[in-house]
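Input: a single structure, listed below in structure tokens.
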Amino acid sequence: MSITRIISIDPGINITGFSIIDFQKSHIKLAAYGVIKPNKKDRLEKRLLHLHDETHSIICLLYTSDAADE
């Protein structure tokens with residue numbers, strides 16, 4: 001049976017949290033978690049680009065099959 005990987009994102013301009021879980025039937029495993037913190041002194045568009053780039057990198061690195069946000 002295959003494993004389903006899900007990323008959960010708690011968005012924010014200053015701090016964005018994320019977690020990635022794997023589950024297969026009744027087994028659940030935390031695969032990764034962390035925060036993305038753009039520089040608060042940067043302009044809004046630069047902070048948003050940083051959040052986009054980091055989120056994209058996480059998704060590409062850990063390949064998720066589903067996503068959820070808060």
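For the chain, what is the mean residue ellipticity at 222 nm derived from helices alone (per DSSP H run of n ≥ 4: -39500 (n - 2.57); sum divided by total residues; nearest 500 deg cm²/dmol)?
Rounded to the nearest 500, the figure is -9500 deg cm²/dmol.
Any idea what the dipole of the chain comes to, in debye rounded to 20, about its Cα centre with Lys/Arg Cβ at +1 and Asp/Glu Cβ at -1?
Values: 9 positive and 9 negative charges, 45 e Å.
Dipole size: approximately 220 debye.
Under 10 Å, Cα contacts only: if you run a Gaussian network model on the chain, which one of ASP42, ASP53, ASP22 comes out with the highest mean-square fluctuation?
Its mean-square fluctuation being the largest, the pick is ASP42.
Only sites in a loop by DSSP and with at most 12 other Cβ atoms within 10 Å count here; which trypsin sites (Lys or Arg not before Pro) in region 5-63 make the cut?
Working: sites: ARG5, LYS25, LYS29, LYS40, LYS41, ARG43, LYS46, ARG47; in loops: LYS25, LYS40, LYS41, ARG43.
Answer by residue number: LYS25, LYS40, LYS41, ARG43.
Every number here is computed from the coordinates shown, using simple stated rules; none is lab data. In this text, all values refer to a predicted model and were calculated from it rather than measured experimentally. Counting neighbours? That spans all protein chains shown, and the Cβs are built from the backbone with ideal geometry, glycine included.
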